[in-house]
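Below is one structure; the comments refer to it alone.
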Amino acid sequence: MSRLIEKFTNAFDSETKNYILSRHELMSEKGKNKFNIKLSEYHCIIIHKSIEERIKMINEFLDKYIKIYPKGSDDSKNLYAESLKKKVQQINKKTGVVVAEYDSVRDAAKAVGVNNGSICMCCQKAAGIITEKISKGGYNSAGGYKWRYKV
């Protein structure tokens, strides 16, 4: 347990303090380190808040870091980023046939040798997330293929 979290919880009643400290233990070591960095960045803000506001802020930070870095997880992977991945389909421009399917835009970009931002823009345009006005008519294809998120 870090001195920093103890410092922030000293003014709390013992039940609240124990609850926060037990939640802190639900994170992997990497999560604890990142959480402690976040607390130190917000030290000046948190310390001047009421007890109730401090508890609320710390719990919000804990929620975020427990989700991203749960105890027992592989700290080399960001599980939250993994959960946001969308499958991508590579489509032949002439025939409209799906040529390949990838677990993510990044995987597709590596396989085809294209910038992942270009594939992402094609997928977003195909999904209607970005408009012609934003894309200025571009991003219909990348690497000689059309791209879309798998639905």
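Remark: pairs (first residue in the stretch 61-72, under 13 Å from residue 29 (Cα atoms); second residue surrounded by 14 or more Cβ atoms within 10 Å (Cβ to Cβ) and among the aromatic types (Phe, Trp, Tyr); Cβ separation under 6 Å; 6+ apart in sequence or on different chains) = 65/35.
Count, please, the residues in the stretch 1-38 that happen to be more than 16 Å from residue 54 (Cβ to Cβ) and without any contact (Cβ under 8 Å) to a residue 12 or more places away in the chain. So the answer is 4.
Here the helices (runs of 4 or more DSSP H) wholly within the stretch 1-114 that include at least 2 residues being surrounded by fewer than 11 Cβ atoms within 10 Å (Cβ to Cβ) and at pLDDT 80 or above are 14-24, 29-41, 51-68.
The values are calculated or read from the model by the stated rules, or taken from the named source; none is laboratory data. What you are looking at is a predicted structure, and each value in this text was computed from that prediction instead of being measured. Every residue, glycine among them, receives a Cβ derived from its backbone with ideal geometry; neighbour counts consider all protein chains shown.
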